[in-house]
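Chemist: Attaching a single structure in structure tokens format; questions to follow.
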Amino acid sequence: MTFDPVFLGSLTLVLTAFGGAFLAALWISLVVWTYRDIRARARDPLTQTLAALLVAVLNLPGVLVYLILRPPRTLEEEYQRTLEEEALLQALEDLPLCPGCERRVKEDWQVCPNCHTKLKKACHNCGKFMELPWNICPYCGTPAPGMRLESTGMDDALRNLKMADEQADVKIDSAT
């Protein structure tokens, strides 16, 4: 089997042309990829241009340098992370604080478990928890004990006190 030197020269030329075309396409695609990637990671046009030029001038070593120096997160990932942090901070701010020790307490606690400060009081009629400064239960409309009713006169208030005292006396007598 004899090899024709003209054929080998032509084959070498074709393979070299394909290899050169491949390397040129790889080089252009790396420059384009770098430019698109840095646009998703940085807003500064100078940074975007320098990253693309780095890869355009240095080719594969430029891509390696770019991969080392590029920002770790895209702008979208940074935005999502910021939203998550804001949501967590908002959730923390929404939790009530104990007025005694400034620790976080839950909404339905009546007493702070750390400093034993009274946080809420129970309604005498329905038993649901009310804030300490409230004078009337928002659930059943019952006024808190000891609070003066605007429409109640002195005679009505004294009559209610007498009836309450009589009921207490009856309970004491029945207990003994």
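Values quoted throughout were computed directly from the atomic coordinates according to the rules given, and no laboratory measurement underlies them. Note that the structure is predicted; figures quoted are calculated from it, not measured. Glycine gets a Cβ as well: all are built from the backbone with ideal geometry, and neighbour counts include every protein chain shown.
Chemist: At 0.36 nm per residue, minus the direct Cα-Cα distance, what do Thr2 and Leu92 gain on full extension? Give it in nm, one decimal, please.
Modeler: That works out to 24.0 nm of additional length.
Chemist: At most 14 other Cβ atoms within 10 Å and a DSSP loop assignment: could you name the trypsin sites (Lys or Arg not before Pro) in the range 4-74 that fit?
Modeler: In loop regions of the range 4-74 (DSSP not H, G, I, E or B), the sparsely surrounded trypsin sites (Lys or Arg not before Pro) are Arg43, Arg73.
Chemist: Using alpha carbons only, how many angstrom separate the centre of the range 33-89 from the centre of the range 1-17?
Modeler: So the separation of the two Cα centres works out to 45 Å.
Chemist: On to the next question. First select every other residue whose beta carbon is under 12 angstrom from the beta carbon of Cys98; then total the charges, Lys and Arg +1, Asp and Glu -1.
Modeler: Every neighbour counted, the sum reads +4.
Chemist: Sticking with this structure for a sec: I'd like the Karplus ³J(HN,Hα) series for the range 30-37: coefficients 6.51, -1.76, 1.60, θ = phi - 60°, whole numbers in Hz, and an x wherever there's a Gly or Pro.
Modeler: 5, 5, 5, 4, 4, 5, 5, 5
Chemist: Also, quick follow-up: Can you give the Rg/Rh ratio of the range 8-73, where Rg is from the C-alpha atoms and Rh is the Kirkwood radius?
Modeler: 1.18
Chemist: On to the next question. Give me Ile28, Ile68 sorted ascending by neighbouring Cβ count inside 10 Å, so fewest comes first.
Modeler: Ile68, Ile28
Chemist: Expected output is a single nm value to one decimal: the length gained when fully extending between Ala21 and Leu53, i.e. 0.36 nm times separation in residues minus the C-alpha distance. What is it?
Modeler: 9.5 nm
Chemist: Can you tell me the FRET efficiency between Arg81 and Lys128 if r is taken as the Cβ-Cβ distance and R0 is 41 Å, rounded to the nearest 0.05?
Modeler: Plugging the Cβ-Cβ distance into 1/(1 + (r/R0)^6) gives 0.50.
Chemist: If you project the alpha carbons of the range 1-127 onto their three principal axes, what span does each projection cover, largest first, in Å?
Modeler: Principal extents (Cα only, largest first): 111, 40, 23 Å.
Chemist: Based on the Cβ-Cβ distance from Arg104 to Thr74, what FRET efficiency comes out when R0 is 25 Å, to the nearest 0.05?
Modeler: 0.15
Chemist: Mind sorting Lys120, Lys128, Lys106 by how few other Cβ atoms lie within 10 Å of their own Cβ, fewest first?
Modeler: With the fewest neighbours first, Lys120, Lys128, Lys106 line up as Lys106, Lys128, Lys120.
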